[in-house]
Protein chains: 2
Amino acid sequence: MTEAENFSDCTVLHEDTVKAVQAQMPDEPQFYDLADLYKVFGDTTRIKILWALDIHEMCVCDLAVLLNVTKSAISHQLRILRQENLVKPRREGKEVFYSLADDHVRSIFEKGLEHINEL
Amino acid sequence: MTEAENFSDCTVLHEDTVKAVQAQMPDEPQFYDLADLYKVFGDTTRIKILWALDIHEMCVCDLAVLLNVTKSAISHQLRILRQENLVKPRREGKEVFYSLADDHVRSIFEKGLEHINEL
DNA sequence: ATAACAATTGAACAATTGTTCAACTGTTAT
DNA sequence: ATAACAGTTGAACAATTGTTCAATTGTTAT
């Protein structure tokens with residue numbers, strides 16, 4: 001970021017608008033949290049996992065078969081989903097069944113579908 | 001993806017569940033479109049742009065100052081946002097003012113915030 | 001104890017992404 | 001016409017990401 005860029009003619013012209021918007025913007029951490037959440041939805045494997053778990057709880061192995069990737073890949077992605085509090089595990093013997101942590105996932109999906117289906 | 005992985009003991013056990021879920025899953029393109037949409041929200045610069053435009057329409061130069069990155073970076077990101085039909089441009093002389101294309105952005109944000117504010 | 005299987009983890013790798021720089025287009029004013 | 005500024009574009013680069021492989025942990029049954 002150069003100084004020249006920071007003080008172009010255009011900016012001086014719209015100084016009031018920029019300052020007003022600046023005052024209404026949330027602080028940095030909020031943006032990072034939001035971005036991290038959406039980043040999770042920005043991968044087809046993870047979207048498929050979430051979609052599947054929304055239909056029925058499943059173990060790692062089943063998800064691997066369903067999505068045609070290794071158990072390892074599924075496990076890595078489930079860790080990310082756990083970290084974002086989107087899924088929760090339930091151990092039953094040797095298997096670990098995963099399900100959605102709450103119904104935010106469903107409503108976030110709905111909003112996304114609304115958008116892409118309107119084009 | 002190895003064959004061994006595809007036909008583990010576990011899978012045979014839950015064959016019915018997997019098949020039922022498989023039948024209810026949307027087809028591949030739908031997942032790609034969804035992922036592409038969310039990918040857009042998965043970057044702080046883009047989130048900030050969208051948030052800012054939700055408050056007030058702005059030109060490229062103003063956004064650059066507000067977010068403290070180069071006009072080039074803003075322009076690149078705006079192209080992505082245009083491609084996903086999230087923002088629309090309006091030329092006025094030398095400047096191009098951008099605004100939100102519809103109010104999906106706002107409702108998608110709301111769902112995201114609901115989730116992160118509940119932890 | 002040991003074998004068998006589900007799941008997790010870390011390292012390595014290729015692929016994708018976001019930024020900047022430099023060159024270019026478009027518009028306005030002199 | 002030419003200068004000045006807003007915006008766009010493509011190339012290059014560093015950083016991040018998603019996958020697989022190999023090794024490890026956890027659980028159950030023999």
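Values as computed for the structure displayed
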| item | result |
| --- | --- |
| Shortest-first nm distances, B:GLN30 label point to equivalent points in other copies (7 Å, Cα→Cβ) | 3.4 |
| Average beta carbon contacts from partner chains per residue of A:29-35, 10 Å cutoff | 6 |
| Most mobile listed residue (A:SER107, A:SER72, A:SER99) in chain A, GNM with C-alpha springs under 10 Å | A:SER107 |
| Protection proxy ranking of A:12-18, A:54-60, A:27-33 - average other beta-carbon atoms within 10 Å, highest first | A:54-60, A:12-18, A:27-33 |
| Number of partner chain Cβ atoms within 10 Å, mean per residue of A:8-16 | 4 |
| Other copies of B:ILE116: label-to-label distances in nm, shortest first, labels 7 Å along the beta-carbon direction | 2.2 |
| Accessible area that becomes buried as B packs against A, both chains, 1.4 Å probe, Å², nearest 100 | 5900 |
| Relative contact order (%) - criterion: Cα under 8 Å, at least six apart; region: the range B:30-116 | 27 |
| Nm distances between copies for B:THR45, ranked from closest, using label points 7 Å along Cα→Cβ | 2.6 |
| Value of [θ]222 nm, deg cm²/dmol, for chain B, DSSP H segments ≥ 4, -39500 (n - 2.57) each, nearest 500 | -19500 deg cm²/dmol |
| Net charge, A:VAL96 excluded, C-beta distance under 14 Å - Lys, Arg +1, Asp, Glu -1 | +3 |
| Å² of accessible area per residue within the protein assembly as shown, as computed with a 1.4 Å probe and no ligands counted | 52 |
| HN-Hα J in Hz across the range A:106-116 - Karplus 6.51, -1.76, 1.60, θ = phi - 60°, x for Gly and Pro | 4, 6, 5, 4, 4, 4, x, 5, 3, 5, 5 |
| Residue among B:ILE74, B:ILE47, B:ILE108 with the largest mean-square fluctuation in a Gaussian network model of chain B, springs linking Cα atoms under 10 Å | B:ILE108 |
| Per-residue mean of C-beta atoms belonging to partner chains within 10 Å, peptide A:57-66 | 6 |
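The values are calculated or read from the model by the stated rules, or taken from the named source; none is laboratory data. Everything numeric here is computed off the predicted structure, so don't read it as measured data. When we count neighbours, we look across all protein chains shown, and the Cβ atoms used for this are built from the backbone with ideal geometry, even at glycine. These accessible areas exclude ligands, DNA and RNA; they are computed on the full protein's heavy atoms, side chains included. Shrake-Rupley method; radii C 1.70, N 1.55, O 1.52, S 1.80 Å.
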